[in-house]
Amino acid sequence: MRNTTFLCFSILGLALNAFAQAATSCKLPINLDRLAAKAAEVVDVDMDANMLQFAGKFLNGEKSDEAQARKLISSLKGLCVRSFEFDSDGQYGAEDVEAIRAQFQSPTWSRMVGVRSKRDRENVDVFFRMEKGSVTGLAVIAAEPKELTFVHIDGVIDPQQLNELGGQFGIPKVEMPAKPSGKAETK
Amino acid sequence: MNRLENELRKAMKREEPPEGFADRVLARVSERKQFAPMNFLMRPSFRWALAGALCLLLVAAGVEYRKDKQEQARGEAAKAQLMLALRITAGKLQLAQEKVQQIGALQRY
């Protein structure tokens, strides 16, 4: 009887752990539904490792961008994109952006780029998570007057791969140091 | 001579078959037909079984084809989502780099 109970709890624990891992793959504050209600267009992409691998099977290796995408996703655990496009300015507040940004205020995450443009009212933050010398996560928060975008890539990202993506999907050739020495912020 | 003729006539005399002879012959014939080894492929049961198997095969092929199509559609949708997500990511990284370059250029002047 005790063994059965222990087994049940073990299975429950494993299931909860798996659920928790799946739930934390996308770092999002819970109040984004409010923004989605105001937005004229919403892009909501949330893919776990299985879905990424499944999508990868349908990528055409002969097309350069799809070949690069296949290479990039091979070691990813999750990909999450939320993009809200609004008809007019002021549909979201600074607190909404701050709530997202606050999720990356941890020792494992480093802000590599932080752009605050008062003229264009465009703010962009790029965060990297470094573990054992490799990039294991990337997050982008782009706040524009009529658009708010949040991207979270979970998994090992080879900086070289990001560099090779230059010209693919319009990704610039981002020069990334092997180990981030500090935050490069431009205001 | 007469004796020989008489004997021949007696031997060749028409005689009626015993009663029920025709029925017995017909019964034997139909009995033999019943037990005759029929060609296996011509048996109705075999033909029904074959038709059933073909129907099952067709249904299974149809189900498999439909499953393949659904899988293909799901895969294409997942791929489209992935490419959209990567395009958005790329666009925002591009924006970040442009901003950094703009501000860097302004600072130089």
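The values are calculated or read from the model by the stated rules, or taken from the named source; none is laboratory data. None of these values were measured; they are calculated from a predicted model. Methodologically, a virtual Cβ is constructed for each residue, glycine included, from the backbone with ideal geometry; neighbour enumeration extends over all protein chains shown.
Residue-wise test of (1) crowded, with 19+ Cβ neighbours inside 10 Å; (2) not in a strand (DSSP E or B).
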{"site": "A:Tyr92", "(1), (2)": "yes, yes"}
{"site": "A:Glu95", "(1), (2)": "no, yes"}
{"site": "A:Arg101", "(1), (2)": "yes, yes"}
{"site": "A:Phe104", "(1), (2)": "yes, yes"}
{"site": "A:Pro107", "(1), (2)": "no, yes"}
{"site": "A:Arg116", "(1), (2)": "no, no"}
{"site": "A:Asp120", "(1), (2)": "no, yes"}
{"site": "A:Val124", "(1), (2)": "yes, no"}
{"site": "A:Phe128", "(1), (2)": "yes, no"}
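Among residues belonging to the range A:130-160 that are of a type in the set (D, E, K, R) and assigned to a strand (DSSP E or B), point out the one that is nearest to B:Ile103 (Cα to Cα). Result: A:Glu144.
Selection within the range A:42-85: residues that are of a type in the set (S, T, N, Q) and in contact with a strand residue (DSSP E or B) (Cβ under 8 Å, 6 or more places away or on another chain). The member of this set that is modelled with the highest pLDDT is A:Ser83.
Just so you know, in the range A:38-72 the residues that are over 19 Å from A:Asp154 (Cα atoms) and in contact with an Asp or Glu (Cβ under 8 Å, 6 or more places away or on another chain) include one that is farthest from the other protein chains (Cβ to nearest Cβ), and it is A:Ala40.
Yes or no, residue by residue, for (1) within 30 Å of A:Arg121 (Cβ to Cβ); (2) within 14 Å of another protein chain (Cβ to nearest Cβ); (3) surrounded by 10 or more Cβ atoms within 10 Å (Cβ to Cβ); (4) over 29 Å from the mean Cα position of the chain (by Cα):
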{"residue": "B:Leu4", "(1), (2), (3), (4)": "no, no, no, yes"}
{"residue": "B:Lys10", "(1), (2), (3), (4)": "no, no, no, yes"}
{"residue": "B:Gly20", "(1), (2), (3), (4)": "no, no, no, yes"}
{"residue": "B:Val25", "(1), (2), (3), (4)": "no, no, yes, yes"}
{"residue": "B:Trp48", "(1), (2), (3), (4)": "no, no, yes, no"}
{"residue": "B:Ala53", "(1), (2), (3), (4)": "no, no, yes, no"}
{"residue": "B:Leu56", "(1), (2), (3), (4)": "no, no, yes, no"}
{"residue": "B:Val63", "(1), (2), (3), (4)": "no, no, yes, no"}
{"residue": "B:Gln102", "(1), (2), (3), (4)": "yes, yes, yes, yes"}
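Criterion first (away from every other protein chain (no Cβ under 14 Å) and at pLDDT 90 or above) does A:Ala18 satisfy it? It is false that A:Ala18 is away from every other protein chain (no Cβ under 14 Å) and at pLDDT 90 or above.
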